Amino acid sequence: MTWSSALRETVRTGLTVERTKLTPLVALRGAAGVAIVVGLTLWLGTPTLAVSSAFGAFAAGLATFQRSWRPRPVLALAVAVGLGISTFLGYTAAADHVLFATLLAVWTLFAGMAWAVGPVSGLVATQTIAVMLVTVTLPTSVLGALEHAGLIAVGGLVQALLIVLLPVRPWGLQRDALADALAAEADYARRLRHDPVARFDPQPLMDAREAAELTPRQARSRPRQLGGPRGVAERIRPVLASIADPVLGAPAEGPERDRARDLLAAAGAVLDAVARAIRWGRPVRLPPEAVAILQVPASGPMLKGPARRSAYRLIALLGDAVDATDEPVRSTGPAAGEEHRHLLRPSVPRLVPLALRALRREARWSSPVGRHAVRVTVVVLVGYALGTALPLGHGYWAPMTSVMVMRPDFGQTYSRGIARFAGTVVGVLIGGALVAVGHPGPWVNAGLAVLCIALMYLLMNTGYSVASACIAAYVVFLLGIAGGDWSQTVQARVALTLLGGLLAMAAYALFPTWETPRLRDRLADWLTANGRYSLAVLHAFGNPAERRPRRVREALLDSRAARTAWDEAAARALTEPVRHRGISRTKERTAEAALATMGRATMLMEAHLPDRDAEPSKGAEAFAEALKAALPAAAEAVRERGHLDWTGPRAVLTAWQAEVGDEGVAVRGADLLLDALDELAEGLSPGPGGRNRAARRP
């Protein structure tokens, strides 16, 4: 992609307004928090205090709308503490430009590194920089600084209190995450009826797992419907695939395939019913036709072999899903205790060492987060210097725009920069026009500011340009409370927003962190994670007596995480104008399909793991050892553009097939797995077309 194409794509993305689900009650609650804080300070204090306190309530409310499984009051309180500290420090250093610039640089550097902990932490840290830049422009003393900092913290406390007193659909995010996972599996079951090798996006299952991580206090109040179906959903997916697969499941044509299609359709209907029940907290209502299909026909089972075993297991798992949704989940037993420990979310104090380790891990020059922290620090300092030097007033708008639009990747930074400028122009023009025509007083300005915040909370997920327009109008009305000149506000806001956006874009162009050159590393990581998953499953066939379900489970989770990292990296690289530095789109698609097929082949074998008293498979153990020996060199070849050599595993598989034939789930699954690895070798091989003739299957 050329620079012109990349810029056109970022403009299109930045100006896109999407249709999304709105949450009016939640938006109204957040706006009420801002209204309470602004109204009380305007009534009991001064317009300056009202402006200062409004930023705290606004930022705390904004943080509670982010995608996080933490309780919303905790997020609001965390923002309140961060905003209070940053505001007080900013006030105490504001009198000396050099001292304030030093404080701003140090604070921005650590705030940029906060993205290493997670996106919500990065956003909260960004809000503290913005508030530090804004509030220090309001004149005050040291005691006044304490007062302003306290008021900003009170804004966060009010938002937290409203969330506790006025809960809107408690556990709604967790319910939606689990329901989305079950609905995704229902859709997967229906697609398998027509495409036996249909791909499945594991992201809904990963989201459901993250949503199930609870603190001990949360676990005591969790609704019973959220306690059991997730584990069942995880086990259903490989069973669905094993029934549909023409190699390890029902034949491609004939009565068995018809029966498999009926079972998949019934499974989709049952999973949809369970998803609806969990989403809205209602009893499960099963379609009678689906229940009839899941009964064993009077003439006897129609499926044979592995497909028949998968069908019986599917029926049992669907029954478990319905029972877990309708009945209280028992917390006793080794399985329940094991899962509870595994999904235990650490409390906030215990997150501190984890956050410090994440910061140390990213504190290096080659890290995208580390480079982002340095980049945003330099841009904020330059923007602060230019905004102060220009005779426009409100010089903080330039660095505040930069810090709000900058992200660790190219696409988001440029698209948010475009959206910020476009939204700001619209917002200040509308806000300025209303102020010019109506000449509202402080209380009317306060009401209009609260209305803008309500619209922003309501529409923020439709696009950043819409949110920016609401924020721009909000600032116009907010400064109108303190008697600011609306005409100067419009001119300065537009000019300095443009300056801040251009500084952010120029910084990324001059000091980039491209994802494209790292795509091969992401592929190698995905191959390695898939390999560990395959080895765990093959070892279970080779030595059933020592089978460890936890090892297979953890390897599967690592494989999903590696695939998600690849998907995110590929999406970011797609918008970058440096495609020539990475892997071609043809090779990228081929490699992605091959590794997805490798994971699917392993998943099919996992659906038929032997019991502990089953006879060991020497062929599976030998194949696992050969694959284990070949994986490190293959991962290095992916990184270094070399040839992938699977001759060792191929020779072992050939001998295994000569000994037992094509009978058995393990040997047929290993054959599918090696076919996928051969496809990966062909697709990534150097040379035109990416074909590695030497590595092709004979």
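The values are calculated or read from the model by the stated rules, or taken from the named source; none is laboratory data. Bear in mind the structure is a predicted one, so any value in this text is a computation, not a measurement. Glycine gets a Cβ as well: all are built from the backbone with ideal geometry, and neighbour counts include every protein chain shown. Surface accessibility is based on the protein's heavy atoms, side chains included, excluding ligands, DNA and RNA. Shrake-Rupley method; radii C 1.70, N 1.55, O 1.52, S 1.80 Å.
Things to note:
- Exclusive hit being buried (at least 21 other Cβ atoms within 10 Å of the Cβ) and not in a helix (DSSP H, G or I), set Gly431, Gly395, Gly387, Gly383: Gly395
- Those residues of the stretch 632-673 which are buried (at least 19 other Cβ atoms within 10 Å of the Cβ) and within 33 Å of the chain's Cα centre (by Cα), in sequence order: Ala634, Ala635, Ala637, Val638, Leu644, Gly669, Ala670, Leu672, Leu673
- Across the stretch 215-239, the qualifying residues are those that are farther than 18 Å from Asp326 by Cα and out of contact with any Leu (no Cβ under 7 Å at 6 or more places or on another chain), and the one among them that is modelled with the highest pLDDT is Arg237.
- First in the stretch 93-107 and of a type in the set (Ser, Thr, Tyr), second anywhere and open to solvent by less than 30 Å² (accessible area, probe 1.4 Å) and at pLDDT below 90, Cβ under 8 Å, 6 or more apart: Thr102/Ala93
- Options Leu503, Leu498: the member that is under 16 Å from Thr401 (Cβ atoms), in contact (Cβ under 8 Å) with a residue 60 or more places away in the chain and over 28 Å from the mean Cα position of the chain (by Cα): Leu498
- For first residues located in the stretch 648-667 and part of a loop (DSSP other than H, G, I, E, B), partners that are acidic (Asp, Glu) and modelled with pLDDT of 90 or more and lie 6+ apart or on another chain with Cβ distances below 9 Å form the pairs Asp662/Asp671.
- Selected residue (only one of Val247, Val296, Val270 is modelled with pLDDT under 90 and either more than 27 Å from Gly664 (Cβ to Cβ) or surrounded by fewer than 16 Cβ atoms within 10 Å (Cβ to Cβ) (or both)): Val296
- Of the residues making up the stretch 606-616, those that are open to solvent by 30 Å² or more (accessible area, probe 1.4 Å) and part of a loop (DSSP other than H, G, I, E, B) are Leu609, Asp611, Arg612, Asp613, Ala614, Glu615, Pro616.
For every residue, the table says whether it meets (1) under 23 Å from Pro368 (Cβ atoms); (2) modelled with pLDDT under 90; (3) among the hydroxyl-bearing types (Ser, Thr, Tyr).
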site: Ala545; (1), (2), (3): no, yes, no
site: Ala562; (1), (2), (3): yes, no, no
site: Asp613; (1), (2), (3): no, yes, no
site: Ala622; (1), (2), (3): no, no, no
site: Leu627; (1), (2), (3): no, no, no
site: Ala633; (1), (2), (3): no, no, no
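- Which numbered condition Pro238 fails, given (1) open to solvent by 20 Å² or more (accessible area, probe 1.4 Å); (2) assigned to a helix (DSSP H, G or I); (3) in contact (Cβ under 8 Å) with a residue 24 or more places away in the chain: (1)
- When the stretch 35-94 is limited to residues that are over 20 Å from Tyr457 (Cα atoms) and of a type in the set (Phe, Trp, Tyr), the one that is least open to solvent (accessible area, probe 1.4 Å) turns out to be Tyr91.
- Of all residues in the stretch 362-375 being more than 17 Å from Gly118 (Cα to Cα) and part of a helix (DSSP H, G or I), the one that is most open to solvent (accessible area, probe 1.4 Å): Val374
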